[in-house]
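What follows is calculated from the coordinates using simple rules that are stated; it is not laboratory data. Keep in mind it's a predicted model, so treat the numbers as computed, not measured. Cβ coordinates were reconstructed from backbone atoms using ideal geometry, including for glycine residues, and neighbour counts include every protein chain displayed.
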Amino acid sequence: MFVKLLALIFLACLAVSANLSLGDVVLAPICALATLFKENSALASPEYAEMLWQIRLPRLIAAFLVGAALAVSGYLLQALSRNDLADPYLTGVSSGAALGAAGAILMHADLSLIPIFAFVGGLGASFLVAQLARLKTESGYYGGISVPRLLLAGIALSAIVTAVIQLAMNAFGTQLMAQGLNLWVLGGLSGRTWPEITPASIYIAIGLGLALLAAKPLRLLSLGEEAAASLGLNVPLSQLFILAAAVLLSSCAVALSGLIGFVGLVAPHLTRRLFPRGERIQIISCALVGAIITLVADLFARVLMPSQELPLGALMAVAGGPFFIALLSRSIDRLETT
């Protein structure tokens with residue numbers, strides 16, 4: 001276990017080094033690090049210090065935070081619903097957060113308030129989708145959640161929210177703001193600055209802390225709700241706590257990067273293969289896996305086409321879509337019986 005965790009940390013360091021070094025201007029990794037931390041070193045390149053400090057480093061940190069937040073959010077949603085297909089993007093949480101963040105941007109809200117608007121939108125979307133996906137028993141009470149309904153409700157809500165955002169941009173925003181929001185809906189980290197990263201990093205750190213606190217309730221809930229209640233767990237309160245942590249993480253990620261899908265779907269699956277047991281180690285490693293995926297994807301978005309940047313959200317959809325289809329095809333028999 002310890003060796004696997006060290007390997008993930010090593011891969012994360014490689015991804016960080018590559019993101020600092022590669023781009024329109026290519027620097028040797030040691031030169032990039034020397035420029036950041038040893039300005040008087042013979043290996044440093046003072047002429048590129050501004051580029052590294054004001055462009056690449058903020059973007060790198062944003063990618064790391066977004067990947068970690070989306071991955072852990074997906075992990076929490078999957079564990080909470082006991083559904084391997086749950087994901088902030090597919091279940092509509094990200095779309096609701098996007099609506100809240102877009103509203104904040106159109107109202108010219110302070111940057112520190114955008115994650116809060118996104119959180120409110122994501123929380124509202126999660127409750128709406130959960131209500132639409134719940135099954136009604138013969139006695140009239142609501143039972144568990146139907147996976148097909150969950151996916152259909154999430155996809156439908158995402159389509160509606162995307163249309164609402166587009167209409168709001170054209171009706172209330174300037175042309176420049178509409179263009180910026182269009183790029184933001186496609187997902188991307190270009191142009192991220194320190195004032196944008198600072199508030200989001202605080203909220204994401206809080207969300208990750210809440211996720212670690214939820215490790216024990218997650219372990220008990222994995223035994224089933226009745227068994228968890230018999231062991232003394234307040235099941236409704238624990239479920240609400242876990243959902244709030246997942247929504248907070250995905251909302252902050254959306255506020256920082258726009259809509260980026262499939263990180264929260266892929267990272268938890270890879271993590272559970274590496275670490276079959278232990279909720280805390282799974283949460284930590286899931287954050288690292290999500291950060292690595294996002295760092296690598298953002299690097300490809302920057303360097304695949306010279307002098308042009310690809311939308312990160314579209315790139316992740318191309319890469320993650322086949323994974324989702326493969327996962328869905330393996331689960332189709334189980335879905336049809338729910």
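Just a few scattered comments:
- The protection proxy used here, the mean number of other Cβ atoms lying within 10 Å of each residue, ranks peptides 163-169, 97-103, 224-230 as follows, highest first: 97-103, 163-169, 224-230.
- FRET efficiency, residue 111 to residue 24 (Cβ-Cβ, R0 25 Å, nearest 0.05): 0.40
- When only Cα pairs below 8 angstrom with a gap of at least 6 residues are kept, the chain shows a relative contact order of 29 percent.
- Count Lys and Arg as plus one, Asp and Glu as minus one, and take only other residues whose Cβ is under 9 Å from that of residue 302; the net charge is then -2.
- Couplings 3J(HN,Hα) of the stretch 313-325, computed from phi: x, 5, 5, 5, 5, 5, 7, x, x, x, 4, 5, 4 Hz, in residue order, whole Hz [Karplus 6.51 cos²θ - 1.76 cosθ + 1.60, θ = phi - 60°; x for Gly and Pro].
- If you bin all the Cα-Cα distances of the stretch 162-276 at 5 Å, starting from zero, the percentages per bin are 2, 10, 14, 16, 17, 14, 10, 8, 6, 3, 1, 0.
- Label zone at residue 231, where the point sits 7 Å out along the Cα-to-Cβ direction: the stretch 180-218 residues whose backbone N lies under 15 Å: 214-218
- Annotation: amide H-H contacts under 5 Å for residue 261 (H modelled 1.01 Å from N, sequence separation of 5 or more, or interchain): 317.
- Scattering profile of the chain at q = 0.06, 0.07, 0.12 Å⁻¹ [log10 I(q)/I(0), Debye over alpha-carbon scatterers]: -0.22, -0.29, -0.84
- Our estimate of slack between residue 327 and residue 36, defined as 0.36 nm per intervening residue step minus the Cα-Cα distance, is 100.6 nm.
- Spin-label model, residue 273 to residue 309: label points 7 Å out along the Cα-to-beta-carbon direction sit 3.1 nm apart.
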